[in-house]
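Visitor: Quick one: the structure is below, questions incoming.
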Number of protein chains: 2
Amino acid sequence: MKQGIAIGLDIGGTNCAFGLVDEQGRIIARDNLPTASCAQAEELVKALSTKIKALAKEAGSPAIQGIGVGAPNGNYYSGCIEFAPNLHWEGIIPIAEYFKKHLSCEASLTNDANAAAYGEMLFGAAKGMKDFLFITLGTGLGSGIVANGEMIYGHDGMAGEIGHTILFPDGRPCGCGRKGCLETYCSASGLVRTYREKAGSAFRAEMDAEYIFEKAKAGDALALESFSFTGEWLGFALANSVAYTSPEAIFLFGGLARAEEYIFAPTRQSFEKNLMKIYKHKIKILPSGLKPGDAAILGAASLIWKKSMQN
Amino acid sequence: MKQGIAIGLDIGGTNCAFGLVDEQGRIIARDNLPTASCAQAEELVKALSTKIKALAKEAGSPAIQGIGVGAPNGNYYSGCIEFAPNLHWEGIIPIAEYFKKHLSCEASLTNDANAAAYGEMLFGAAKGMKDFLFITLGTGLGSGIVANGEMIYGHDGMAGEIGHTILFPDGRPCGCGRKGCLETYCSASGLVRTYREKAGSAFRAEMDAEYIFEKAKAGDALALESFSFTGEWLGFALANSVAYTSPEAIFLFGGLARAEEYIFAPTRQSFEKNLMKIYKHKIKILPSGLKPGDAAILGAASLIWKKSMQN
C-alpha cells in the first residue's frame, strides 16, 4: 500500500476536469480548466500542471504518485492523443511526455472509455472482476474490455472500439466514414436518430435524448418505441460481444444509461434472447457503480493506482 | 528451460491423436486411438494412458512434464469436456482429473481452437506476438483469442466463440439452435451451403468443400462465386473482430484455409474495405504456420510448455 494521491485528469472537448484521488477512490479535491483556454497542447499541460500543484498544496502537499489522463483517442502505449476529431489540436500530441516534463511525475494516458473501465474495476461495481465489458452510451458508444484482469489495448493501443463494429451493412452513416456502425443506433445520438426517423416531419432540432426520455416517461408511443428499438439492437450486439470474451458482467454508463429501465429492460430482454445457450442466464447487464460526475476523474486516477497495486 | 517432453493429445469425434513434444516443438513420437474404442470416458483415458506410457518408454523414458488436451467444448478452468455434441459421452466429463489419476502428471485441457492458437504462439507463425486471432475453418468456425500474451478464456472458460456471433439475424439455421451464426456462412460447411443455394436442383450430396475447391480451380463460376461470397463475409466479420482486440495478425487454419488464395484473396479484400480507418493496412491475415497433421498435437502440448515458460 502506497501513501499519497494520484491525479486523475479527464480531457474533454470542452473542459478538463481533474482531481486528487486517494487509494480508496476518494476525490479529496478537484478543479477544472476549459480545454480551449490554451491554443497549444503543451501550453494547456503547463497551465494544468500549475493548477494541479496549487490544488495539491491546498490539500496539504500529499505525495503525488503520478497523473492518469483519460482523453478521446488516447493511446496507452504511446501516451499520445492521436487524431482526436473533437479536440482542437491536430495530429499526434504527446500528452504523457508533456506531463512528465511539467509536473515531474509518472504520467499515463488512455482513452476515456478505458479509463472509466479501470475506475469501475478499482472503485466501482466491477471490483474483484477479472472479465467484464464497460460500455459508455453518450454521443457515441465507447467501450473498455477487461479480460484476465487486464485492459485489452491491442497490438497498437487501439482495441475496444465496439461502437464501430458494423451492425447493419449499408446502414446509417457514421462519423468514422463508414456505414451502419453500432454507435449510430445504440447511443444517445442513435436514439435521437431513431426517434427522428419515426417522427418524420414532426421532428424538431430540440428533440434531444433528454427530451425523448421525458416523453417516454410520459408514455409517448414514439419515444417508447425508440427506446425499445435502441435496446433491442444493443442487446443483440452485446450478445455477440459475449462470444468474444465471455465477461462476468457488462456495465452501461453515460447519458443513455441514466434512462434506467427504459434502456436496461429492452436491452436485457434482447440480450438473453440472442445469447448462445452456453452463455444464457449467467451474464449480468448492470448500471455503472460510479457517480457520473466522478467517473472520469476516478477512472483516470485508476491508471496510476492500478500500476501501484501491481508493483 | 526444463528438460523432458509434454504430451499433446487431441480428442476428436473419431480419433484421439497424441504425441511426445519437446520444448522446441518437435513431435518425437506419436500414436492414436479411436475415440469410440471405449464406451466410458474414464476407460478411454486409462487406455490412452497405457499407450502413452508405452510410447514414452520406447522413446527412452524422457521426463513427462504433463499432458495438454485439446477437445471440443473443453473448459480450461474446470478441466472438463462440457456437453460436446460430437462426442459420445453425455454431460460434464472431468478429463483433466482422469489423466492426473491414470497418468500421474499435470493435466491441462482447453477447447481445440484455443489449443491450436497456443501452438501457433509457441511453435508457429505467431511466435513473439502478444495479440492475435486464430481462426479454424472446418465444419464450423472455431477461434482462439490471444490478448496481452494470454488466451482469453472469459469468466467461465467459454470465451472465443466468434463462429457463433450472429452475422445475419434470421439467417441460416445453426447447430447451436439459433439463426445466422457466422459459421453457417464462413466455414467449409458454410461454403457448401452457399454452393448448394446457388446450384439449386443440380446440387448433389457428394459436392463437398473439396469438390467445390476443385471446381473453382477449374474455373467454374458457381464455385468461384461461392468462395467470393464466403470470403466477403469472413472479411467483414473479421473487420468487426478487430474492433474488439486490435490484433497484430489473424491466422486462418483448417480445411477451408487450405484453399489458399481462393479464400484468402476475397477475405483480405473485404477485410480492408470494411476496416475502420485507424486499423487499415496494419493487420495481417495469414495462413497458420503449423502443419495440418501436427497442429492439434503441438497445440495441446503447448498448454504444458506455456505454463513451464511462465514459471
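No lab work stands behind these numbers, since they all come straight from the coordinates. Just so it is clear, the structure is predicted and the values come from calculations on it, not from any experiment. Every residue, glycine among them, receives a Cβ derived from its backbone with ideal geometry; neighbour counts consider all protein chains shown.
Visitor: Note the distances from residue A:3 to each other copy's matching label point, with points 7 Å along the Cα-to-beta-carbon direction, in nm, sorted shortest first.
Guide: 5.2
Visitor: Just need the Rg to Rh number for the stretch A:166-311, please, alpha carbons only, Kirkwood Rh.
Guide: Details: Rg = 16.9 Å, Rh = 16.7 Å.
Result for the stretch A:166-311 is an Rg/Rh of 1.02.
Visitor: Have a look at the DSSP beta bridges in chain B and tell me what percent are antiparallel, nearest 5.
Guide: Rounded to the nearest five, the antiparallel share is 55 percent.
Visitor: While we're looking at this one, here's another question. Could you work out, residue by residue across A:142-150, how many beta carbons of other chains sit within 10 Å of that residue's beta carbon, and then give the average as an integer?
Guide: 4
Visitor: From the label point of residue A:201, set 7 Å from Cα along Cα→Cβ, how far away are the matching label points in the other copies, in nm, ordered shortest to longest?
Guide: Spacings between copies for this position, smallest first, are 5.1 nm.
Visitor: A follow-up question, please. Could you go through the stretch A:175-187 in sequence order and give the Karplus-derived ³J(HN,Hα) for each residue, using 6.51 cos²θ - 1.76 cosθ + 1.60 with θ = phi - 60°, rounded to whole Hz, and x for Gly and Pro?
Guide: x, 7, x, 9, 10, x, 4, 3, 5, 6, 10, 10, 5
Visitor: Given the options B:110, B:283, B:271, identify the residue whose Cα lies farthest towards the positive end of the charge dipole of chain B (+1 on Cβ of Lys, Arg; -1 on Cβ of Asp, Glu).
Guide: Result: B:283, furthest along the dipole toward the positive end.
Visitor: Once the other residues with Cβ under 12 Å from the Cβ of residue A:197 are scored (Lys, Arg +1; Asp, Glu -1), what is the net sum?
Guide: +3
Visitor: Now a separate question. Give or take rounding to whole Å, what are the principal axis extents of the alpha carbon atoms in the stretch A:51-126, in descending order?
Guide: That works out to 38, 34, 20 Å along the principal axes.
Visitor: When only alpha-carbon atoms count, how far does the stretch B:1-115 stretch along each of its three principal axes, as whole angstroms with the largest first?
Guide: 37, 26, 22
Visitor: Also, I was wondering about something else. Taking a temperature of 37 °C and a viscosity of 0.692 mPa s, what whole-number D in µm²/s does Stokes-Einstein yield for the protein assembly as shown with Rh from Kirkwood over alpha carbon pairs?
Guide: Estimated via Stokes-Einstein, D reaches 127 µm²/s.
Visitor: Now for a separate question. Of B:66, B:96, B:76, which is farthest on the positive side of the dipole of the stretch B:1-155, counting Cα position, with +1 on Lys and Arg Cβ, -1 on Asp and Glu Cβ, and the Cα centre as origin?
Guide: Looking along the dipole axis, the top candidate is B:66.
Visitor: Let me ask something else. Counting pairs of Cα atoms in chain B, how many percent are more than 36 Å apart?
Guide: 19
Visitor: Placing the label point 7 Å from Cα along the Cα-to-Cβ direction, what are the distances from residue A:91 to the equivalent spots in the other copies, shortest first, in nm to one decimal?
Guide: Those label-point separations list as 6.7 nm.
Visitor: For the stretch B:1-35 and the stretch A:198-256, what is the separation of their C-alpha centers, rounded to whole Å?
Guide: If you average the Cα positions of each part, the centres end up 51 Å apart.
Visitor: For the stretch B:259-311 and the stretch A:80-154, what is the separation of their C-alpha centers, rounded to whole Å?
Guide: 28
Visitor: How large is ³J(HN,Hα), in whole Hz, for each residue of the stretch B:135-140 in order, when computed from phi with the Karplus curve 6.51 cos²θ - 1.76 cosθ + 1.60 and θ = phi - 60°, using x for Gly and Pro?
Guide: 10, 9, 10, x, 4, x
Visitor: Over all residues in A:272-285, what is the mean tally of Cβ atoms on other chains that come within 10 Å of each residue's Cβ?
Guide: Averaged over the peptide's residues, the number is 3.
Visitor: Mind checking A:243-256 for the average number of partner chain beta-carbons within 10 Å of each residue's beta-carbon?
Guide: Mean number of neighbouring Cβ atoms from other chains: 4.
Visitor: Please list 3J(HN,Hα) in residue order for the stretch A:74-82, calculated via the Karplus relation 6.51 cos²θ - 1.76 cosθ + 1.60 where θ = phi - 60°; whole Hz, with x for glycine and proline.
Guide: These are the phi-based 3J(HN,Hα) values: x, 9, 4, 5, 8, x, 10, 8, 10 Hz.
Visitor: While we're on this one: Which percent, to the nearest 5, of DSSP beta bridges fully inside the protein assembly as shown are antiparallel?
Guide: 55
Visitor: Looking at B:308, B:254, B:205, which one has the Cα that reaches farthest to the positive end of the dipole of the stretch B:152-311 (charges on Cβ: Lys, Arg +1; Asp, Glu -1)?
Guide: B:308
Visitor: Here is a further query. Between the helical axis of A:188-199 and the dominant principal axis of chain A, each derived from Cα atoms, what acute angle in degrees is found, rounded to the nearest 10?
Guide: 20
Visitor: Could you list which residues have their amide H under 5 Å from that of residue A:107, counting only those 5 or more apart in sequence or on another chain, with H placed in the peptide plane?
Guide: Answer set, sorted by chain and number: A:67.
Visitor: What ranking, highest mean first, results for peptides A:186-196, A:223-233, B:199-209 when packing means the other Cβ atoms within 10 Å averaged over each residue?
Guide: A:186-196, A:223-233, B:199-209
Visitor: Around residue A:50, under 15 Å between beta carbons, what's the net of Lys plus Arg minus Asp minus Glu among the other residues?
Guide: My count for the surroundings of residue A:50 gives +1.
Visitor: What residue among A:148, A:274, A:32 shows peak mean-square fluctuation when chain A is described by a Gaussian network model with Cα springs under 10 Å?
Guide: A:148
Visitor: Something else now. Could you identify the residue of A sitting closest to the A-B rotation axis by Cβ and state that distance rounded to whole angstrom?
Guide: Output: A:244, 3.
Visitor: How high is the relative contact order of chain A, in percent, with contacts defined as C-alpha pairs under 8 Å that are six or more residues apart?
Guide: Computed over chain A, the figure is 20 percent.
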